[in-house]
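The values are calculated or read from the model by the stated rules, or taken from the named source; none is laboratory data. As the structure is a prediction and not an experimental result, all values here were calculated from the model. Cβ placement follows ideal geometry from the backbone for every residue including glycine, while neighbour counts extend to all protein chains displayed.
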Amino acid sequence: MFATGFFHVPMTHHATTATTVEPADQRSASPVGNQGKHNPRPLLRPGHNCQLQERTRRFRILIDAADYFSALRAAMTRARHTIYIVGWDIDSRLQLVPGGAPDNLPAGLADFLCALAETNRHLRIYILAWDFAMLYAFEREWLPVYKMGWRTHRRIRFRQDGRHPLGASHHQKIVVIDDGLAFAGGIDLTRSRWDTPAHDPDAPLRRNADAARYPPMHDVQAMFDGAAAHAVSRLVRERWRRATGTPIDLSPDSTHRVPGANGCADIWPAGVAPDIEDVELGISLTEPAYEGRPAVEQIQQLYLDAIAAARHTIYIENQYFTASRVGEALVARLAGRDGPDVAVVGPERQSGWLQEATMGVLRAKLHEALKQADHHGRYAMYAPTIGAMNSTHGQIINVHSKLMTVDDEILIVGSANLNNRSMVLDTECNITLEACGDARVQAAIASVRNRLLAEHLDVSAEAVQAALTTQRLNDAIASLRHGGRTLMPLDPGVSGDLEDLASRVSVLDAEAPVAPQELVRHFLPEEHSRPLTGKLLAFGTLVLIVVALAVLWRFTPLRDAISFSALVHGAQQVHASRLGPVAIVALYALAASVSVPVTLLIAVSGFVFGALWGSAYAFTGTMISACITYYAGAALGHDAVRRLAGSRLNRLSEKLGKKGFVTVVLLRVVPVAPFTIINLAAGASHIGLRDFLAGTALGMAPGIVLATTFAHQLVAAVRHPSLLGLGLVALIGAALVGLSVALQRFLANRS
């Protein structure tokens, strides 16, 4: 998955720590398995490329979510005091062990956690999920606050995290139990994640809560205990405080627990053997500057330092591969005669039209830059597959992991994708194991890499090690590939139309947080031939009226006059009149046009008129209001809006006008500006009415249906709980799933 934000396409020339050295041709250098007793200087430096370093008693890389979820469930049943869950997405219906767990507790995540809290009165559970944009409504559980909040046990706290800059997301995937056992990596406790290392195309258990099947999924998660786990626990508690404004209320006995002496031996699940014991781990973060706190870009620096330190091999698994500075560092190493082999494993294609049109394009551009720099044949990109790629009999394995190994010296795993967002914008956490020449740690790092390659190539880890003992990394991979399950060479390309879109709409992969006014500047054209004075006055007056009404609604008794209860009562009276439906739509459109919050109007519609008619009234009123304010912006003119918004090239606006449909959809689903202001700006830009209306309909419809359905069904469930009510909920859910499928197909056709 990815989070919305902004990207910059061209490869920029930032300063980087990657270095280029020029001895003899690297093709004669030692294979991976014969690296010698290299004893490098420590890579990890707190305050530079990591937040801190702490020791762990045991460390394990769990490959694929079946192993992770099974170990996690076993560990949570042993929790005594606290469970912290932090995620980009959380689904209350997730079954951690879909085949059935031996603990005799409920299968679904929410019910399982409630059972744990019910049986242990000392246990407190804290869940922090990203307060996501509407862009992800089709990918996520509907109404997570209701499912994980209202319905859960009183000792379970569920909150959503929206404390980050515009376009950023909370992207960490962490679970900490009793301050002494931690899981950190790329796997969220949500839908479409569970899979086994077999990645069987016909696995019967690989289904979501709605019984829908999903493709094979590959991912990794780190598991560790001791002081390192306690350090991650402190980071989680600080994140909770920032997101909610209140600290976690620790019980008196938990505040004095000592890492390593608080029952860790009992928490670590039996049957899960560590990869290594008694080692030091580095914990690195990405945090954007926000609310007076400085930016933290340790993960980006960690990758740059690790690439610069590589001698023989860089093995990467990542969902995305678009990070500009990481790409520059790899280009520098490949251009040198002594550079390492670089093997990148990723998905054959990005999931979804929008991702393929943006992140897919950026990956193809970085891949092309690396190929051009690779004068010595040391770089390759692969996609794991079962059967022939791109054939009717082949099955693509979706790669979601975020892992890199360098030689046998460095292992990095965490939540950070290799894209610009994860380097500077999103909130991330990575864990690093560094050998510093220690043969015991080198063997553990090599073992993890070999296990991963063995899974992808359908061979034994011993066969991988044997090949790497005599061959360089990519040569070894080539020698182990066969016709069944394998790593297929990947050479991503992109159509000219998608490349033009990605190069001109800065929407998904930012190299830095973008100020809100920058969004407006992307959509407003530049014209010089028309007088501005009258239009500026008219536009300024309209804006002042809109702002004044919004202020009056928020800070004066007018708020009570058009409160939720007042709107409900008024709507019922109007609807009872002879021209009730027409009047309702007209009043809705007028209210939305003068800045009465659209979400409030939608909720009232569902509450008063039910899911069907409430959605119809809300959708019709929303579209009429959008037309009114769009034409108001068009009447005021391009020059007036552009002059107020700031300078921007007219050519850019014209290009965006050609992609107006996508632009409007993004503006509707990403909450960056009030409804009315977006309409005015769109009317003043080159975005056409047809694209504006289509984008508005597509972007607003999911939220309208969701909100009205929730309002109506909530009231019905409280007043008249019955099987019929549950059946109606099921029917509405089926209709929304159908809408989701239709939307995906429509977007696919647009590409």
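Quick one: ALA184 ticks every box in (1) among the small types (Gly, Ala, Ser); (2) more than 14 Å from the chain's Cα centre (by Cα); (3) modelled with pLDDT under 90 except a single one, so which number is it?
So ALA184 meets the others, but not (3).
Within the stretch 294-304, is there a residue that is modelled with pLDDT of 95 or more and in contact with a His (Cβ under 8 Å, 6 or more places away or on another chain)?
The answer is yes; a qualifying residue exists.
Identify all residues within the stretch 609-640 that are surrounded by fewer than 20 Cβ atoms within 10 Å (Cβ to Cβ) and modelled with pLDDT of 75 or more; write none if there are none.
Residues satisfying the conditions are LEU612, TRP613, ALA616, THR620, MET623, ILE624, CYS627, ILE628, TYR631, ALA632.
From (1) out of contact with any Asp or Glu (no Cβ under 6 Å at 6 or more places or on another chain); (2) surrounded by fewer than 24 Cβ atoms within 10 Å (Cβ to Cβ), pick out the condition that doesn't hold for ARG337.
The failed condition is (1).
Results for (1) surrounded by 20 or more Cβ atoms within 10 Å (Cβ to Cβ); (2) modelled with pLDDT of 85 or more; (3) among the polar types (S, T, N, Q), shown as yes or no for each residue.
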position	(1), (2), (3)
VAL32	yes, no, no
ASN39	no, no, yes
CYS50	yes, yes, no
ALA66	yes, yes, no
ARG80	no, yes, no
PRO98	no, yes, no
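Matching residues to (1) β-branched (Val, Ile, Thr); (2) assigned by TED's automatic domain parsing to the domain that holds ASP438; (3) under 29 Å from GLU455 (Cβ atoms); (4) buried (at least 24 other Cβ atoms within 10 Å of the Cβ):
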{"residue": "PRO288", "(1), (2), (3), (4)": "no, yes, no, no"}
{"residue": "ARG293", "(1), (2), (3), (4)": "no, yes, no, no"}
{"residue": "GLN301", "(1), (2), (3), (4)": "no, yes, no, no"}
{"residue": "ASP305", "(1), (2), (3), (4)": "no, yes, yes, no"}
{"residue": "GLU317", "(1), (2), (3), (4)": "no, yes, yes, yes"}
{"residue": "GLY346", "(1), (2), (3), (4)": "no, yes, yes, yes"}
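Got a number for residues in the stretch 157-209 being among the acidic types (Asp, Glu) and under 27 Å from LEU250 (Cα atoms)?
Residues that pass the stated criteria total 4.
Could you tell me which of the residues ARG325, ARG337, ARG311 is assigned to a helix (DSSP H, G or I), over 17 Å from the mean Cα position of the chain (by Cα), assigned by TED's automatic domain parsing to the domain that holds PRO489 and touching a residue at least 24 places away in the same chain (Cβ under 8 Å)?
The unique qualifying residue is ARG325.
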